[in-house]
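All remarks here apply to the structure that follows.
Values in this text are rule-based calculations from the coordinates and carry no lab data. Quick caveat: nothing in here was measured; it's all calculated off a predicted structure. Backbone-built Cβ (ideal geometry, glycine too); neighbour counts: all protein chains shown.
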Amino acid sequence: MWRNTENGYGLIAILFHWLVAAAVVALFALGLWMVDLTYYDDWYLRAPHIHKGVGVLLFLVLAVRLAWRLIDPPPPPEPGLSRLERGASTLVQGLLYLLLFATALSGYLISTADGRPVDVFGIFTLPATLSGLPNQADTAGDLHLAMAIAVIVLAALHALAALKHHFIDRDRTLRRMLGR
Amino acid sequence: MKLSDLRALTLTASLVLPGLALAAPERYVIDTEGAHAFVQFRIKHLGYSWLYGRFNDFGGTFTYDEDDPSSSQIKVDIKTASLDSNHAERDKHLRGSDFLAVDKHPTATFRSTSYKETGFNKAVMQGELTLKGVTRPITIEVQKIGSGPDPWGGYRRGFEGRTEFALKDFGIDYNLGPASREVEMILSVEGIRQ
């Protein structure tokens, strides 16, 4: 139930997957929305504060998720997948992990470019480490946006592939991640 | 020409020329290398306090003629991306398209058009400021701070200028609130005579 089996994902892996998926989509929307807020908007200070706090927590969740993946390896792919399908899905999922970590890191480098820490909902503050690099905030900002867009594009591919397995191939790929 | 005439001419020239050299306008390079010059701004935050910032990368030259101060001139080029208000996220916003659009407009320039001394150590300078691609005349209230030899064999002269203008005049219309439409510039300049 909690752990993965030969036939499907366990509850922990499923919760991790959908928690990260929801957080990533929410952060992307929030991020795009907040940068165009006007100065007198109620959300001008709050939205970036939430974006950063959730971003830091997401980074931690991803790290724990990856560690859990080592302890509890995912089930093998559904039978009947071609080598291309298996290769492509592994590549997309690997890239998603990589880009999610890199996106979080680049966001952290914007906020800490002048040595200021990042406050995470008043629970703790994440101190700056790398700061004062030439043009740090701008470069990290450009990378943050570009990688966030790449994450969403890959996630969309990942979701489309899951839907294709569900509706066209009619295999259990998507249902496994829904706990069925 | 006889040798003695030539000698006389040289003698005359050597007597007259130093006088001429003294009367010529002195040329100064703004001492950005030693950071004895500052391009600063301040703008009200919500109308409750002053926010200060500066441009760290700029350079320029000026001339000054003690015998004819009105012939004095200055030109300054400012790298807009060097904006520094001691907050990386704010500076990023200010460099972006809401404010200075430094990618499109990397340099701001000031060229004086007139300089008039109006009282003891006081002067008014007119000039053209180009900011975010918009060129407009501005007036700078100038205070002469001092001049003289420095301890290392050079000669220096310094001024402080103040001016203010509406951000909207230079195409910056991001709404910072009714108290924050105007920005003040405080320009502290020390030149080393060349």
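Listing for the model above:
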item	result
FRET efficiency estimate (nearest 0.05) - Cβ-Cβ, B:SER97 to B:ARG193, R0 30 angstrom	0.15
Span-rule helices in chain A, defined as complete DSSP H runs reaching 15 Å or more along the axis (Cα) with Kyte mean at least 1.0	A:11-34, A:43-71, A:136-167
Those aspartates and glutamates that a straight Cα-Cα span of less than 13 Å connects to B:LYS44, excepting residues fewer than 8 apart in one chain	B:GLU164, B:GLU182, B:GLU184
Chain lengthening between A:PHE101 and A:VAL25 when straightened (0.36 nm per residue, less Cα-Cα)	25.9 nm
In degrees, nearest ten, helix B:3-23 long axis to first principal axis of chain B (Cα)	30 degrees
Normalised contact order of segment A:106-180, rounded percent, pairs of Cα under 8 Å and 6 or more residues apart	23 percent
Relative contact order of segment B:25-193, pairs being alpha-carbon contacts under 8 Å that are 6 or more residues apart, as %	25 percent
Counted charge near A:LEU81, where neighbours are those whose Cβ lies closer than 9 Å (Asp, Glu -1; Lys, Arg +1)	-2
Within straight-line cross-link reach of A:LYS164, aspartates and glutamates at Cα separation under 12 Å, skipping those fewer than 8 residues along the same chain	A:GLU85
Chain A: C-alpha gyration tensor shape, a/c 1.5 cut-off, then a/b vs b/c	prolate
Relative packing of B:147-155, A:33-41, A:134-142, which averages over residues the other C-beta atoms within 10 Å, highest first	A:134-142, A:33-41, B:147-155
For segment A:11-177: relative contact order, % (alpha-carbon pairs under 8 angstrom, 6 or more apart)	21 percent
CD proxy at 222 nm, helix term only [per DSSP H run n ≥ 4: -39500 (n - 2.57); per residue of chain B; nearest 500]	-5000 deg cm²/dmol
Long-range lysine pairs (8 or more apart or interchain), segment B:59-194, Cα under 18 Å	13
Residues B:THR109 and A:TYR44, FRET efficiency given R0 of 41 Å [Cβ-Cβ distance, rounded to 0.05]	0.80
